[in-house]
Amino acid sequence: MRTESMPTETIRSPYDGSPVGEMPVCAEQDIELAIARAQRAYQVMRRLPRFARADILERAAGLLRARRDEFVRLIAAEAGKPLYDARGEVSRAIFNLANAAAEGRRFGGEEVPLDMDAGVFEYQTTDSSGRPVSLDKLDIEALAGMRRRIGLARRFPIGVVLAIAPFNFPLNLVLHKVAPALAVGNSVLLKPAPQTPLTSRLLQDLFAEAGLPEGALEVCHCPVPLAEAMVRDERFAMVSFTGSAKVGWHIKSIAGRKKVALELGGNGAVIVAADADLDHAAARCVRGGVVYGGQYCIGVQRILVERSVAERFTGLLVDKVKACKVGNPLQDGVDVGPVIDEGAAMRIQSWVDEAVAQGARVLCGGSRERAVVQPTVLADTRPGMKVEDEEVFGPVLTVNPYDSFDEAVARCADSRYGLQGGLFTRDLGRAFRAIEDWEVGGLMIHDVPIYRIDNMPFGGWKESGFGREGTRYAMEEMTDIRHLVINYA
């Protein structure tokens, strides 16, 4: 939302501090108006037929396709995301919208069988000896009467959803909340990341052009205390949050009775077995660990390599990291731009320096210039170091050897986080053994944890959150069941 009287904030590029645009800043009264509009819009949205909501999402997908370059440039500018990755994000967002439209057309409830147990009806199908009664002696009419009740578990939208989004995917992670909420008939008040609100405002304009009812998507860029007040506000039916574990669990503690879905952080681990394609594994680890400054909650952070191939793999990894092009994210060919701000860069470097002081070795990188952190590979790290235990959220990889597969799985699983993991091996038996003990929301075989297709179930175990995103799975989170029983005897 925005009005001429609202103050604005200048949003700046994390790469060079240049202004990207002006974003209106909501005060308490502006948020009150936005909530009221979202409540009214919910009454419209919940009554729209499926096809009408799906048509809006399909039109939005078409408009985004037509305005692809505009969104790409904006994401690259305000998030510091290299153009290649910004283009990928927009492509995924187009799919996300189209898939939400498709799922919205067929999403519904189910018939619940109510004739599963004869005991419920006090009807005997066995004699006194426990033997089945023959069919010709059963009261067929009475049996038929037992089937004259139908149970229908129907799904209904829950109300106004408060969506709180992160900076690293300012379009697609927003749509992971907005698209399924709209598909099932909710309205949404979106609180974008403070660093990347301009993409959300542009998305709101796009939805308006697609025919979304007024108020069905409200965007409020506001200070943290006002955001916390919204989390506590019982007028919201649900809070869907993506971000750090610390903030996510705080949100859960203050949210009250409403639904809460948390998609939080991780410190993604990868196991590379001796039978893996080492060149492929190294290339994917670089892609998942340092590209876009490593700012992925499912990014590669910890790599464990079978000792017999550890030296060879590490050499391949370091060579590929050194080959990454670092620089201005608005220039084609750049792999690694800035992290989101200089404060984040200083924290990342301090963790690297601390690890070195504790005995780690820097194989490449290890320095920064303003908000640009050089892609870094560390060896000889161990549990207890921040770069092992915490979420770096920067272009830093640790690589260490292992001797037994069970040892590697145990070390990967020994984490407060459990979002996604990766395993490079040709032995599927290892894959099935690993998933039994490695508590993660997703395990990628012959790939890295960064792999995500937007319709798959996505979420974590332990401190990585709860609930699932992915179009249909989010739609289930954002609806609730009313069970209708009809006796037509």
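The values are calculated or read from the model by the stated rules, or taken from the named source; none is laboratory data. Just so it is clear, the structure is predicted and the values come from calculations on it, not from any experiment. So basically every Cβ, Gly included, is an ideal-geometry build from the backbone, and we count neighbours across all protein chains shown. Side chains are part of the model used for accessible areas, which takes the heavy atoms of the whole protein and leaves out ligands, DNA and RNA. Shrake-Rupley method; radii C 1.70, N 1.55, O 1.52, S 1.80 Å.
Worth pointing out:
- Among the residues of segment 86-96, those that are crowded, with 22+ Cβ neighbours inside 10 Å and either under 16 Å from ASP335 (Cβ atoms) or out of contact with any helix residue (DSSP H, G or I) (no Cβ under 6 Å at 6 or more places or on another chain) (or both) comprise ALA86, GLU89.
- Annotation note: Cβ proximity below 6 Å between a residue of segment 58-85 that is within 19 Å of HIS176 (Cβ to Cβ) and in a helix (DSSP H, G or I) and a residue that is modelled with pLDDT under 95 and not small (Gly, Ala, Ser) (sequence gap 6+ or interchain) occurs for ASP85/TYR292.
- Answer residue from segment 341-362, given it is under 17 Å from GLN301 (Cβ atoms) and assigned to a loop (DSSP other than H, G, I, E, B) and is most open to solvent (accessible area, probe 1.4 Å) among those: GLN358
- Of all the residues in segment 63-85, those that are open to solvent by less than 10 Å² (accessible area, probe 1.4 Å) and not aromatic (Phe, Trp, Tyr) number 10.
- Pairs with Cβ under 9 Å, 6+ apart, first in segment 172-194 and without any contact (Cβ under 8 Å) to a residue 60 or more places away in the chain, second of a type in the set (Asp, Glu): LEU190/GLU218; PRO194/GLU9
- Check on LYS177, open to solvent by less than 10 Å² (accessible area, probe 1.4 Å), of a type in the set (Lys, Arg) and either at negative phi or within 18 Å of the chain's Cα centre (by Cα) (or both): yes
- Qualifying residue in segment 322-331 (condition: in contact (Cβ under 8 Å) with a residue 60 or more places away in the chain, open to solvent by less than 50 Å² (accessible area, probe 1.4 Å) and more than 25 Å from HIS280 (Cβ to Cβ)): yes
- Tabulated pairs, segment 232-248, first within 16 Å of ILE298 (Cα to Cα), second in a helix (DSSP H, G or I) and open to solvent by 30 Å² or more (accessible area, probe 1.4 Å), C-beta under 6 angstrom, 6+ apart or interchain: none
- Check on ILE94, within 22 Å of PRO166 (Cβ to Cβ) and not small (Gly, Ala, Ser): yes
- The one condition in (1) in contact (Cβ under 8 Å) with a residue 24 or more places away in the chain; (2) open to solvent by less than 20 Å² (accessible area, probe 1.4 Å) that LEU33 fails to fulfil: (2)
- Filter result (of a type in the set (S, T, N, Q) and open to solvent by 20 Å² or more (accessible area, probe 1.4 Å)) within segment 289-321: SER308, THR314
- For TYR42, the test of being open to solvent by 20 Å² or more (accessible area, probe 1.4 Å) and over 30 Å from PHE236 (Cα atoms) is failed.
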